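To keep things clear, I will list the structure first and then write my remarks on it.
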Amino acid sequence: MTFITWDDFEKVKLAIGTIVEVSDFPEARKPAWKLKIDLGTDIGVKKSSAQITHHYNADELIGKQVVCVVNFPPKQIGSFMSEVLVTGFPDEKGHVILATVDKKAPNGAILF
């Protein structure tokens, strides 16, 4: 394992946001959803593509809070521009389980 400093950790901005819109992403190479995530007034509503279709359907994602990396540069994914990275962990077969919180937190709150 490589150790990092506190300064290294502070460079990555992880914020909580609420998924407010989910749409199909049929042109993605691997099954994915297009998400709109409300990250509070300072960050705003951002778009992300997430390969989470194995464990999550569109209806259950609306209103779910997720942990996002908000300071990566935007990334072009096919015809879609992803603005934040939704985080998660792989299950035993490599399917993504979302990183989330067990209690509601204010949108845009930064992980420390």
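The table for this structure:
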{"item": "Residue list for region 47-78, filter: closer than 11 Å to Gly108 by Cα and either touching a Pro at 6+ places or on another chain (Cβ under 6 Å) or of a type outside the set (Val, Ile, Thr) (or both)", "result": "Gln65, Cys68"}
{"item": "Selection status of Ala15, among the aliphatic types (A, V, I, L, M), surrounded by 16 or more Cβ atoms within 10 Å (Cβ to Cβ) and part of a loop (DSSP other than H, G, I, E, B)", "result": "no"}
{"item": "Qualifying residue in region 62-76 (condition: at negative phi and touching an Asp or Glu at 6+ places or on another chain (Cβ under 7 Å))", "result": "yes"}
{"item": "Positions within region 33-46 being touching a residue at least 40 places away in the same chain (Cβ under 8 Å), surrounded by 10 or more Cβ atoms within 10 Å (Cβ to Cβ) and over 12 Å from the mean Cα position of the chain (by Cα), in sequence order", "result": "Gly40, Asp42, Ile43"}
{"item": "Among (1) under 14 Å from Ile16 (Cβ atoms); (2) of a type in the set (Ser, Thr, Tyr); (3) touching a strand residue (DSSP E or B) at 6+ places or on another chain (Cβ under 6 Å) - the single one Thr41 does not satisfy", "result": "(3)"}
{"item": "Single unsatisfied condition, Ser23 versus (1) surrounded by 15 or more Cβ atoms within 10 Å (Cβ to Cβ); (2) assigned to a strand (DSSP E or B); (3) among the polar types (S, T, N, Q)", "result": "(1)"}
{"item": "Any hit, region 53-64, residues being hydrophobic (A, V, I, L, M, F, W, C) and free of Cβ contacts under 8 Å to residues at least 24 places away in the same chain", "result": "no"}
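Every number here is computed from the coordinates shown, using simple stated rules; none is lab data. Owing to the predicted nature of the structure, the values given are computational and were not obtained by experimental measurement. Every residue, glycine as well, gets a Cβ built from its backbone with ideal geometry; the counts of neighbours run over all protein chains shown.
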